[in-house]
Amino acid sequence: MALLLRTLLLRLPKAWGDLSTDAPLSEETRITSIAEDSRQVQSGSIFVARKGQGTDGHRYIANALSAGTVAIVGELPRAELPALAGSPVPYWQVQDGRRAFALLSSAFYNFPTHRMTVVGVTGTDGKTTTSTYIHGILSAHGLQTGLISTIAAYIGNEALDTGFHTTTPEAFDLQGYLARMEQAGCQAVVLETTSHALDQERVAYIDYDVAVVTNITHEHLDWHGTWERYMQAKARLFQSLSTSQRKPGIPKSSILNSEDRSYPFLREIAADQTITYAAGSDGEAMVTASEIRVSHEGTHFHLSTPLGETDVQLAQIGTFNVANALAAAGAGIALGAQLEDIVRGLQSVHRVKGRMEYVHQGQFDVAVDFAHTPNSLAQVIVTARALLHSAGRVILVFGSAGLRDVQKRRLMGEVACAADLAILTAEDPRTEDVNAIIEEIASGMTANGKQEGADFFRVPDRQEAIDTAIELARPGDLVICCGKAHERSMAYGTVETPWDEFAAITNALARRASHHEDKS
């Protein structure tokens with residue numbers, strides 16, 4: 001795709017940036033992409049230079065010029081950029097490079113969310129499952145609906161890979177997915193929206209209509225610093241309802257978890273309507289559940305809504321998925337779905353990859369879950385207890401990511417004490433020492449009386465850790481491998497190494513079977 005510079009400029013607000021150029025501006029220049037990484041610049045790109053946490057994009061303007069950029073946007077005066085001295089390339093100075101990148105990206109694709117209903121789902125845990133449920137409900141309601149989640153972008157029957165370790169893509173890629181959805185006839189889109197995406201302006205200039213929160217617990221404090229700042233970043237999704245473009249007949253709606261710590265803060269943010277939900281005992285919530293039963297076949301509950309009551313059987317396992325389903329039901333109600341649409345939509349979701357998903361069932365069971373926070377790990381253990389055979393044990397395999405929230409490591413160790421056995425291992429150590437990360441997790445276990453060699457083991461290599469857990473499993477046990485799930489890579493140093501959690505488990509099961517055959 002390409003468009004003329006004059007077309008792009010017509011789509012932008014007046015005085016969005018201060019223009020300077022050493023040559024007449026050619027509005028017939030063809031624009032092929034918007035890039036904020038000089039390595040992604042190609043002939044016809046506009047390069048957006050900005051100051052970031054780790055680097056300063058202004059240092060790479062010369063690289064962008066060599067690669068064929070036809071215009072530069074930056075935060076510094078042109079006179080302070082030697083690479084532009086004597087260059088005919090036009091330069092726009094802006095106050096905020098992140099917002100400029102988002103604005104240009106959206107304008108390049110002609111603001112696709114002006115013409116689609118947009119549901120944003122944020123929270124610490126459960127975003128992917130909730131987003132998938134909402135996609136199911138809106139589809140059952142008769143809306144052609146797109147979905148952008150941690151796992152992939154779904155346009156009709158097509159699933160598009162969104163890359164390594166990506167939840168909400170960067171602005172240009174994100175707007176590209178949205179444009180493809182509009183071109184495919186999508187009337188609505190469900191967008192998993194992280195605190196990083198909100199804080200880093202990746203979702204600026206997206207016109208949200210419904211904002212949904214799952215929960216806000218301990219996570220990402222490496223970036224946000226405090227829980228309060230983390231909360232404020234999440235709140236930006238709800239605040240955007242009052243500034244985003246209105247669409248005929250679509251009320252701006254907040255879907256809030258009345259049992260969550262975030263509720264008192266988020267309920268004060270204006271919306272046309274607020275729908276509350278609670279999986280527990282909150283009698284004032286509008287969407288609630290009762291008679292919850294968890295089994296190997298899934299999760300059953302009785303759903304109560306302003307539209308009526310009915311029973312629901314989810315394919316997904318875990319009481320925490322009831323809260324996700326209630327949040328999704330609230331979004332469906334906000335957009336006019338009927339009770340039968342909600343039930344049909346929820347029950348149409350047969351798989352959410354790596355969310356309490358069985359890989360092996362036999363004398364002992366093995367499951368995969370994305371749990372990578374203290375709260376989600378605790379919920380997985382509770383669910384595992386409900387699924388255990390009479391004398392079975394819960395065996396966890398987990399770690400904690402490098403260069404991320406350090407405080408949660410000890411907390412995850414404390415939470416893991418509720419399991420019978422834990423194998424502490426790698427989960428994207430990045431440039432940190434994996435053994436140092438494991439030591440921090442282990443400190444949470446030893447402080448609570450757990451003994452290394454009896455209650456937990458340190459096995460830094462993740463494949464070996466999974467091998468160990470499966471080798472130690474006895475009849476009736478449940479092994480749960482947490483933290484990687486759907487992800488296709490492991491980050492060691494600055495390199496993404498291919499990784500497949502499901503294949504690692506299959507390999508470990510094969511080795512166990514071979515060992516047992518050799519002994520017989």
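Structure data summary
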quantity: Cα-based Rg of segment 415-510 normalised by 2.2 N^0.38 Å, two decimals; calculated: 1.09
quantity: Segment 244-351 - percent of accessible surface contributed by carbon and sulfur, probe 1.4 Å; calculated: 48
quantity: Whole-percent carbon and sulfur share, accessible surface of segment 1-103, 1.4 Å; calculated: 49
quantity: Test item: Cα-centred dipole of the chain, Lys/Arg +1 and Asp/Glu -1 on Cβ, debye; calculated: 920
quantity: The chain: mean projected area of Cα convex hull, nm²; calculated: 25.6
quantity: Where the Cα pairs of segment 301-403 fall when distances are cut into 5 Å bins, in %; calculated: 2, 10, 20, 19, 16, 14, 10, 6, 3, 0
quantity: Convex hull projection area averaged over all views, segment 224-342, Cα basis, nm²; calculated: 8.6
quantity: Relative frequency of Cα-Cα separations exceeding 17 Å in segment 36-172, percent; calculated: 67
quantity: Accessible surface, per residue, of segment 255-395 when the full set of protein chains is kept, probe 1.4 Å, Å²; calculated: 40
quantity: Segment 301-428 - charge dipole about Cα centre, Lys and Arg +1 at Cβ, Asp and Glu -1, debye rounded to 20; calculated: 300
quantity: Whole-Å semi-axes of the ellipsoid equivalent to segment 398-453 (Cα gyration tensor, √5λ, descending); calculated: 19, 11, 9
quantity: Distant-in-sequence amide H partners of residue 393 (H built 1.01 Å from N, under 5 Å); calculated: 477, 478
quantity: Whole-Hz ³J(HN,Hα) from phi, Karplus 6.51 cos²θ - 1.76 cosθ + 1.60, for segment 107-115, glycine and proline x; calculated: 5, 4, 9, 6, 6, x, 7, 4, 10
quantity: Residue-normalised accessible area of segment 105-200, expressed per residue, 1.4 Å probe, Å²; calculated: 27
quantity: Positive-end residue, the chain charge dipole about Cα centroid, Cβ charges, pick of 378, 342, 181; calculated: 181
quantity: In nm, spacing of pseudo-spin labels at residue 446 and residue 22 (7 Å Cα→C-beta vector); calculated: 6.2
quantity: Percent accessible area from carbon and sulfur atoms, segment 368-457, protein chains only, probe 1.4 Å; calculated: 49
quantity: Leading residue at positive end of dipole, the chain (Cβ point charges), from 77, 470, 296; calculated: 77
quantity: Segment 39-107, dipole about Cα centre (Lys/Arg Cβ +1, Asp/Glu Cβ -1), debye to the nearest 20; calculated: 120
quantity: For peptides 402-414, 110-122, sequence by mean Cβ density within 10 Å, most packed first; calculated: 110-122, 402-414
quantity: The chain: calculated mean residue ellipticity at 222 nm from DSSP helix runs of at least 4, using -39500 (n - 2.57); calculated: -10000 deg cm²/dmol
quantity: Hits among lysines - C-alpha to C-alpha of residue 484 under 18 Å, sequence gap 8 or more where chains match; calculated: 127, 353, 408
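The values are calculated or read from the model by the stated rules, or taken from the named source; none is laboratory data. The model shown is predicted, which means the values in this text are computed figures rather than measured ones. Please note: Cβ atoms are built from the backbone with ideal geometry, for glycine as well, and neighbour counts cover all protein chains shown. Just so you know, the surface numbers come from the protein's heavy atoms only, side chains and all, with ligands and any DNA or RNA stripped out. Shrake-Rupley method; radii C 1.70, N 1.55, O 1.52, S 1.80 Å.
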